[in-house]
1. Give me a count of the residues in the stretch 107-132 that are open to solvent by 70 Å² or more (accessible area, probe 1.4 Å) and either assigned to a helix (DSSP H, G or I) or without any contact (Cβ under 8 Å) to a residue 24 or more places away in the chain (or both).
2. Among residues belonging to the stretch 5-15 that are out of contact with any helix residue (DSSP H, G or I) (no Cβ under 6 Å at 6 or more places or on another chain), among the small types (G, A, S) and open to solvent by less than 20 Å² (accessible area, probe 1.4 Å), point out the one that is nearest to Y38 (Cα to Cα).
3. Say whether the condition of being on the phi > 0 side of the Ramachandran plot and modelled with pLDDT of 80 or more is met by at least one residue in the stretch 47-68.
4. Name, by its number, the condition in (1) over 17 Å from the mean Cα position of the chain (by Cα); (2) more than 22 Å from A135 (Cα to Cα) that does not hold for E93.
5. If I go through the stretch 75-101 residue by residue, how many of them are open to solvent by less than 50 Å² (accessible area, probe 1.4 Å) and either polar (S, T, N, Q) or part of a helix (DSSP H, G or I) (or both)?
6. Only one of G24, G18 is open to solvent by less than 30 Å² (accessible area, probe 1.4 Å) and either at positive phi or touching a Gly at 6+ places or on another chain (Cβ under 7 Å) (or both); which?
7. For the structure I just gave you, tell me whether P98 is more than 16 Å from the chain's Cα centre (by Cα) and not aromatic (F, W, Y).
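The values are calculated or read from the model by the stated rules, or taken from the named source; none is laboratory data. Here the structure is a predicted model, which means the values were calculated and not measured. Glycine also receives a Cβ, built like all others from the backbone with ideal geometry; neighbour counts cover every protein chain displayed. The area values use the complete protein model at the heavy-atom level, side chains included, leaving out ligands, DNA and RNA. Shrake-Rupley method; radii C 1.70, N 1.55, O 1.52, S 1.80 Å.
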Amino acid sequence: MSTSVLLMSMSADGYIAGPDDRPGNPGGDDFMRLHEWYLNDDGEVGRPEGEPGEIWDELNATGAVLVGRRTAEQVDYYGGDHHGVPIFVLSREPRSVPYEKVHFVSDIETAMAQAKAAAGDKDVLVHGAVTARAALEAGVLDELQLSQVPVLFGGGLRLFDVLPRRIELEIARVIDTPRATHIRYRVRR
């Protein structure tokens, strides 16, 4: 059965985007600082030398992506191809996009059900702060994989500024590396 997993890099003070996050400056100022941990020595996306493989194995175990409209637009819907898997965009305003693997769904429960069905026994990768909060509120997010980067942004967009209620988590795993501490949580139900 598929597991829905929020994958997010964040600063030690809880920011997932820097100041001035807007179209034309996706992720805000100095956004890539939060993602340096997954760049290899050549500056390309890929497992850095000496980094543990579990995180990379999980990234490659993705069977579908569920993403919010704003995030999807900022990355041009991943060019219609996020590792060859279907992309489900949570939006009340479907767009016409030239990508056949991109599907618009208007509510979080339906979007997650469709993404899990498409993923089969692989994970559903969840992207976007608003989508993550909606999935938590609806009770359809299973796990959080947070990569905490040793930097204090001091401003920008926080991942969990507002939640509808307290949500209990269980630590499933911690992997500490020089570039980030990767903490995987299960959502308690």
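1. Kept after step one, since they are open to solvent by 70 Å² or more (accessible area, probe 1.4 Å), are these residues of the stretch 107-132: 109, 114, 117, 121-122, 130.
Next, from what is left, pick out any that are either assigned to a helix (DSSP H, G or I) or without any contact (Cβ under 8 Å) to a residue 24 or more places away in the chain (or both): 109, 114, 117, 130.
Qualifying residue count, the stretch 107-132: 4.
2. Of the stretch 5-15, the ones out of contact with any helix residue (DSSP H, G or I) (no Cβ under 6 Å at 6 or more places or on another chain) are 5, 7-8, 10-15.
Next cut, among the small types (G, A, S) only: 11-12, 14.
Next, only the ones that are open to solvent by less than 20 Å² (accessible area, probe 1.4 Å) stay: 11, 14.
Details: S11: 15, G14: 19 Å.
Applying the filter and picking the extreme gives S11.
3. no
4. Here E93 meets the rest and fails (2).
5. Result for the stretch 75-101: 5.
6. G18
7. On the way: more than 16 Å from the chain's Cα centre (by Cα): yes; not aromatic (F, W, Y): yes.
Yes, satisfied.
Results for (1) touching a residue at least 40 places away in the same chain (Cβ under 8 Å); (2) of a type outside the set (D, E), shown as yes or no for each residue.
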{"position": "P19", "(1), (2)": "yes, yes"}
{"position": "P23", "(1), (2)": "yes, yes"}
{"position": "E44", "(1), (2)": "no, no"}
{"position": "P48", "(1), (2)": "yes, yes"}
{"position": "E51", "(1), (2)": "yes, no"}
{"position": "L59", "(1), (2)": "yes, yes"}
{"position": "Y77", "(1), (2)": "no, yes"}
{"position": "G80", "(1), (2)": "no, yes"}
